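Peer 1: Here it is, the structure in full.
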Amino acid sequence: MTRPITLPFYAKLSFILVTLICFAFIFCIGKDILTPILMAFLFAVLLLPIFTFLNTKFKFPRHLAAIVCLIIFISVIVGILVFISYQVTYMANDFHTIKKNANSFILEIHKFIRENFQVSIGEQKKYLDSVTKDSVKNGQAKLGSFIVSMSDVLLDSTIMVVYTFLFLIYKEHFKLFFAKLIKQENHAVLQDILSQIKVSINNYIVSLIIEMIVVSVLTSLGLWIIGIKYFVLLGLITGILNLIPYIGITIAGIITVLASLTGSGETSVILGILIVNIIVQFIDNNLLVPLIINSKVEINAFVSIMGIIVGGAAAGIAGMFLAIPLLAILKIIFDRIESLSAWGYLMGNHVPRKFVWRKRKITTEN
């Protein structure tokens, strides 16, 4: 009978760190391949209850049940995009009004700068012209890259649909694969890990959808109160962009300010938009995120912020979106493996009231 090898702490720590670095390095190199796969995995987990319901209750074949799930999912996405494009078409009719109000608003800014900073309007325009020339050159160079990136998004979307379909129909196949990797006496732990991952990711995505709906409703209500014309569209865009950490709400604010120029270019209206966004973000960050999001993934804010920053640096917006689910999966695995439980505790949001160091009693013999 072979004895298990017991490694010292520094060796275990070294192996764990090297493994994490290897996974991060592989993800950075293959992010264009791995990102659609991970996104498809999240979508498959979200659609899994519908797939199971169709497969067990209505006796749909696995392939047919997966196809129906994808049709429902794509129909919802397409419906939202059609509504947004329909509203944007109406907004495009007010382009001349937006241009006129934008010029009035810019003129007010010029006057404010002249009165408070003693910079003439002519000098301001010369500076803007010099900046605009450089931006036009850069813009022409970036237009081609934008078209290429859009084609990449369409290709990745198509691939994600295929991956999601395959994840659904090969669900049991992947479970059996993981079961073959480990010993039979650890199958109960494996089953617990897989079930908790499914519940955690499903709850997290549903929580994001609830957060998106609440933010959309609150923003639409606030914009309606201050008299913004396309308040429903702008509220929906804000809710969707709010799913992108940090930068999403900034982009939504800029879009809302531009859309407000369909009515008037008054500074008070733009100030009202900023106040609405600040209030909604305060409610989102202090009520919705702690009650809805953090209660589902149980990851502390420090690890979440670090994960989002690293994910954004590695894979852009998709990496920022995938950071929290991947951290939740790691925490579930760490919590259920005794040698890694300390790392799971480090990622969690459990704050002890007081920690008392245990002192070792030292005795000497004469």
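Peer 1: Can you run down the residue pairs with Cβ atoms below 7 Å, 6 or more apart or on separate chains, where the first is in the stretch 253-280 and open to solvent by 20 Å² or more (accessible area, probe 1.4 Å) and modelled with pLDDT under 85 and the partner is among the acidic types (Asp, Glu) and part of a helix (DSSP H, G or I)?
Peer 2: 267/108
Peer 1: Determine the pairs where a residue that is under 14 Å from residue 335 (Cα atoms) and of a type in the set (Val, Ile, Thr), located within the stretch 172-201, has a partner that is at pLDDT below 90 and open to solvent by 90 Å² or more (accessible area, probe 1.4 Å) with Cβ atoms under 6 Å apart, the partner being 6 or more residues away or on another chain.
Peer 2: none
Peer 1: Checking residue 213 against (1) assigned to a helix (DSSP H, G or I); (2) more than 30 Å from residue 52 (Cα to Cα); (3) not polar (S, T, N, Q), which single condition isn't satisfied?
Peer 2: Condition not satisfied by residue 213: (2).
Peer 1: Okay, moving on. Hey, among the residues in the stretch 281-295 that are under 15 Å from the mean Cα position of the chain (by Cα) and open to solvent by 30 Å² or more (accessible area, probe 1.4 Å), which one's modelled with the highest pLDDT?
Peer 2: It comes out as 285.
Peer 1: Of the numbered conditions (1) among the aliphatic types (A, V, I, L, M); (2) farther than 22 Å from residue 301 by Cβ; (3) at pLDDT below 85, residue 249 satisfies every one except a single condition; which is it?
Peer 2: For residue 249, the exception is condition (2).
Peer 1: Which of the residues spanning the stretch 32-52 are within 12 Å of residue 69 (Cβ to Cβ) and among the β-branched types (Val, Ile, Thr)?
Peer 2: Result: 45, 50, 52.
The values are calculated or read from the model by the stated rules, or taken from the named source; none is laboratory data. Keep in mind that what you see is a predicted model, and the values were worked out from it rather than measured. Because the Cβ atoms are built from the backbone with ideal geometry, glycine has one as well, and the counts that use them run over all protein chains shown. Heavy atoms of the whole protein, side chains included, go into the accessibility calculation; ligands, DNA and RNA do not. Shrake-Rupley method; radii C 1.70, N 1.55, O 1.52, S 1.80 Å.
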